[in-house]
Amino acid sequence: MRGLDGQRPALLPGWDRLRRHWLSHRLRDARFQDLLLPPPPEEWVALDCETTGLDVRHDEIVSIGAVRIVGDRLLTSERLELLVRPERAVSAGSVRIHRLRSQDLAGGLPLHEAVVQLLRFIGSRPLVGYYLEFDVAMLNRAVRPLLGFGLPQPCVEISALYYDYKFQQLPPYQQQANADIDLRLSTLMSDLNLPIREAHDALNDAVMAGLAFVKLRHLRSD
Amino acid sequence: MPNAFPFSLSPFDCLDPDEQRRVRASVDIAYFPQHAAILEPGDTPAYLFVIVKGYVQQLDDGDAVATLGPDDCFDGRSLVAGRVSSRFVAAQEVVAYQLARHTVIELIASNATFGALLFADLGHKLSVLAERQQPRELPSLSLSRVGEAFLRPVHSVPAHTDILSVVRLMREQRTSSVVVCDEAAARKGIFSRTLLQQAILDGRPLQSMPVGDWARYPLIEVRSTELLGDAMALMLRHRIHRLVVEEGGVMLGVLEALDLLSYLSNQSHIVTLQIEQARDLQSLGQAASQMTKVIAQLFRSGSRVELIARLVQQLNARLFERAWQLIAPADLVANSCLFVMGSEGRGEQLLKTDQDNGLILRDGYMPPEDLQGICERFSQALGQFGYPPCPGHIMLSNPAWRRTAKDFAAMLRQWVWQPAGDNLMHLAIFMDAHAVAGDADLLAQVSEGLHQLATDNDALLSRFAAAMDAFGTHGGWLSKLFSLGEAPAPLHLKKEGLFPLLHGVRSLALAHHVRATSTVARVQALVAQGALSPGEGEDVLEALHVFMALKLKAGLAEQEQARPVTGTVSVQHLSSLDRDLLKDALGVVKRFQQLLRTRFHLGAL
């Protein structure tokens, strides 16, 4: 069971401090020392990436959207929206999804630089996203060579928070079996009565995940 | 999601691309759980909120004064004042855009329309809208000034000029009329082709007949700054086709009805002609059936609703008069006064509603034996024209509403002495009586009697004013307006908005000896007497016009879909601007009711 911040409780007291200490020894670049500080209270960063496909090893990131969350507010005025120039041409199929053509991306940043900006933007704040594991894996391809390890921030998975919330509401007899809960983003958003915006825009997706996070925190604290 | 900011909504729809970019760059998104206080009195406001989802209640001293829904924004006023004065609470959980204060202030500085729309009072808001709509819509008949219309040059001749010379001048100048100056009698008149026909039929030689004998006096003039809609009403009232336009005593030109009407492709002129020329009830019915079309055209082309109402009043009056003339014998018409009451009498009717009318017979006149039959035929004819019979039988086919002047005066006295139930409502409806055919003096005498009877009777005045709450829905509109359930009940515009306003004004008019029968004229008179402040008067009239416009819009839509006209609007189907106006107008009703409660000591009843 996850806590109100979406995290599973630490196994040992002082575990986080120990982990940070260990990571700072392995950190390759001292510029990123801030990433390992204790996170500011009540702050998170909602994150989403658009990619050329779903293969973590071969596909590439084309855009990154990130929004800081402070309490119940999404600071879209301080958002990060980056276009990333992929090394290979973008396939027609993926253009159809995120509608970014090669020529649109020609002015984008190299992935390496985009990730540096992103790390500065996130700092030590926990990450929030929908199927965040995939985005983190994609980003880690550029993050690992930079830091010596993958993104160190705690990650809050919206679909997992939502699953827990829905599971709790099921009558006990249904909790026994493999509960069938629809985790699609559009289902989740409309079930939570939140506004749905056009998907496959990194910033929109990040904002929607951020809103779902803020609302789920309230639902679970009520 | 900043890209999804609703720039199509008022007041953001007046921002240019650069200003829109500024908004996108500084907008945040906030979530408020149900019951969360978004703003508290005394707070320093930091944001303008635009609701994406959910509902917010605005409370003043614990009183809910407004409910805001998706696409509404708040609280622009406090943002500029620098201090929050109302409490804003999430009635349902709310997702809202929040726009930083400094951005809003910058936008106000760079875009005056934005500022005006954000902060304006109801009246100001409407005038800003009218200005904005003008370039987009057809030049509207009723919003344009007489001076802007096509004016024909004025030709004037002395009264002693012979008709043959005048006709020669008219032919040379290609004009259909001349102004005749009668120096001796110090008057001016007009001579036109229609009058020429009469002169020729007279038989005397034209070269020896002075034009002054045939001209029509007096000359009807209109100032060049008047609205075209008013000019049209003037022509209809005098049944003439030309007005001389003057400015500072100088004749600028002649405004001809056809020119005025070709200005817009509306058919109100044709309807007037049809009414004038109808020789039987059937052709009169055809004219009546055109009226709704004309109203819809005028409304869609942006004419102000109060001008449309005035036009409709004139058309209806002509229609009723014509029908009465076709049905009743001439001596009955001459010795009686046919009058209309209620919305028709006040000149606030737009779509056809129930007939409310009556007939005053001259004292001592012996009406035809078939009077009942004549009156029934008249009520039936109106029914066929699309004016349904009055459910309360306030029609001249009912003998109670068809009396001699003496009997009418006695009936009014009885109503005043026993002001209860139906008597009060009859009194109220009679106050709006407006003569349409026959001898208008008869009605004037009876009305005068009513005012002398009623004005010093405090108990009557209080009870009369108390009928304002007759529908018993005070305060109920708020929950209806933005009912938080799935299917909000439709809002009944007459019950919730129009009736309290017009009856309140009617009560004040009775108390202050105001004889006018239209709400607009009554408010103007009350303001002139100091019984209402100019601001209060303006608010009441603007709110009245908002309700009338919404009612007309909803009614036209219902008619188009061949549904019965219900007089209601479903709030969730209104545009955010209409909703805004409705909200402000309902706020005016609430304040006005409060004012009247104090004025008439209604708490004591």
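The values are calculated or read from the model by the stated rules, or taken from the named source; none is laboratory data. For clarity, every value in this text was computed on a predicted model and none was experimentally measured. In this analysis, Cβ positions are derived from the backbone assuming ideal geometry, glycine residues included, and neighbour counts consider all displayed protein chains. With ligands, DNA and RNA removed, areas are computed over all heavy atoms of the protein, side chains included. Shrake-Rupley method; radii C 1.70, N 1.55, O 1.52, S 1.80 Å.
If you go through the stretch B:5-23 and pick out every residue that is surrounded by 17 or more Cβ atoms within 10 Å (Cβ to Cβ) and either without any contact (Cβ under 8 Å) to a residue 12 or more places away in the chain or within 7 Å of chain A (Cβ to nearest Cβ) (or both), you end up with 0. Among the residues of the stretch B:148-163, just one is in a helix (DSSP H, G or I) and open to solvent by less than 60 Å² (accessible area, probe 1.4 Å), namely B:Ile163.
Just one of the listed residues (B:Leu371, B:Leu361) is touching a strand residue (DSSP E or B) at 6+ places or on another chain (Cβ under 8 Å) and surrounded by fewer than 20 Cβ atoms within 10 Å (Cβ to Cβ), namely B:Leu371.
The rows are residues; the columns are (1) open to solvent by less than 10 Å² (accessible area, probe 1.4 Å); (2) polar (S, T, N, Q); (3) on the phi > 0 side of the Ramachandran plot.
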site	(1), (2), (3)
B:Ala288	yes, no, no
B:Lys293	no, no, no
B:Asn316	yes, yes, no
B:Ala330	no, no, no
B:Asp354	no, no, no
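Checked against the criterion of being in contact with a strand residue (DSSP E or B) (Cβ under 9 Å, 6 or more places away or on another chain), charged (D, E, K, R) and either buried (at least 19 other Cβ atoms within 10 Å of the Cβ) or touching a residue at least 12 places away in the same chain (Cβ under 8 Å) (or both), the candidates B:Arg310, B:Arg346 yield just one match: B:Arg346. Could you list all residues from the stretch A:52-76 that are open to solvent by 40 Å² or more (accessible area, probe 1.4 Å) and within 13 Å of chain B (Cβ to nearest Cβ)? Hits for the stretch A:52-76 are A:Arg68, A:Val70, A:Asp72, A:Arg73. Just to be sure before I move on: is B:Ala90 more than 10 Å from chain A (Cβ to nearest Cβ) and either of a type in the set (Ser, Thr, Tyr) or farther than 25 Å from A:Asp201 by Cβ (or both) in the structure I sent? Spelling it out, B:Ala90 is indeed more than 10 Å from chain A (Cβ to nearest Cβ) and either of a type in the set (Ser, Thr, Tyr) or farther than 25 Å from A:Asp201 by Cβ (or both). When the stretch B:427-446 is limited to residues that are of a type outside the set (A, V, I, L, M, F, W, C) and out of contact with any Leu (no Cβ under 9 Å at 6 or more places or on another chain), the one that is farthest from B:Ala516 (Cα to Cα) turns out to be B:Asp439. If you go through the stretch B:381-415 one residue at a time, how many are within 23 Å of B:Asp458 (Cβ to Cβ), surrounded by fewer than 18 Cβ atoms within 10 Å (Cβ to Cβ) and in contact (Cβ under 8 Å) with a residue 24 or more places away in the chain? Residues in the stretch B:381-415 being within 23 Å of B:Asp458 (Cβ to Cβ), surrounded by fewer than 18 Cβ atoms within 10 Å (Cβ to Cβ) and in contact (Cβ under 8 Å) with a residue 24 or more places away in the chain: 1 in total. Residues that are at pLDDT 90 or above number at least 2 in the following helices (runs of 4 or more DSSP H) confined to the stretch A:73-149: A:111-122, A:132-147.
To keep it simple, each residue is scored yes or no on (1) touching a Gly at 6+ places or on another chain (Cβ under 8 Å); (2) surrounded by 21 or more Cβ atoms within 10 Å (Cβ to Cβ).
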residue	(1), (2)
B:Ile38	no, yes
B:Pro45	yes, yes
B:Arg77	no, no
B:Ala81	no, no
B:Ser85	no, no
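Hey, can you tell me all the residues within the stretch A:80-96 that are open to solvent by 60 Å² or more (accessible area, probe 1.4 Å), within 24 Å of A:Val143 (Cβ to Cβ) and not acidic (Asp, Glu)? Residues satisfying the conditions are A:Leu83, A:Arg85, A:Arg88. Across the stretch A:191-215, the number of residues qualifying as β-branched (Val, Ile, Thr) and either more than 7 Å from every other protein chain (Cβ to nearest Cβ) or surrounded by fewer than 19 Cβ atoms within 10 Å (Cβ to Cβ) (or both) comes to 1. Exactly one residue out of A:Leu139, A:Leu147 is open to solvent by less than 10 Å² (accessible area, probe 1.4 Å) and touching an Asp or Glu at 6+ places or on another chain (Cβ under 7 Å): that is A:Leu147.
A:Asp180 meets each of the listed conditions (1) within 14 Å of chain B (Cβ to nearest Cβ); (2) open to solvent by 20 Å² or more (accessible area, probe 1.4 Å); (3) in a loop (DSSP other than H, G, I, E, B) apart from (1).
One residue is enough: does the stretch A:162-182 have a residue meeting the conditions at pLDDT 80 or above and touching a Phe, Trp or Tyr at 6+ places or on another chain (Cβ under 7 Å)? No, the stretch A:162-182 contains no residue that is at pLDDT 80 or above and touching a Phe, Trp or Tyr at 6+ places or on another chain (Cβ under 7 Å). Flag not set for B:Ser26, criterion: more than 12 Å from chain A (Cβ to nearest Cβ) and polar (S, T, N, Q). Just give me the residues in the stretch B:320-362 being assigned to a helix (DSSP H, G or I) and not aliphatic (A, V, I, L, M), in sequence order. Hits for the stretch B:320-362 are B:Phe320, B:Glu321, B:Arg322, B:Trp324, B:Gln325, B:Asp331, B:Gly342, B:Ser343, B:Glu344, B:Gly345, B:Arg346. Exactly one residue out of B:Arg300, B:Arg322, B:Arg304 is open to solvent by 20 Å² or more (accessible area, probe 1.4 Å), under 30 Å from B:Ala543 (Cβ atoms) and either free of Cβ contacts under 8 Å to residues at least 60 places away in the same chain or among the aliphatic types (A, V, I, L, M) (or both): that is B:Arg300.
Counting only strands (runs of 3 or more DSSP E) that fall entirely inside the stretch B:171-250 and contain at least 3 residues that are open to solvent by 20 Å² or more (accessible area, probe 1.4 Å), the qualifying elements are B:187-192, B:242-247.
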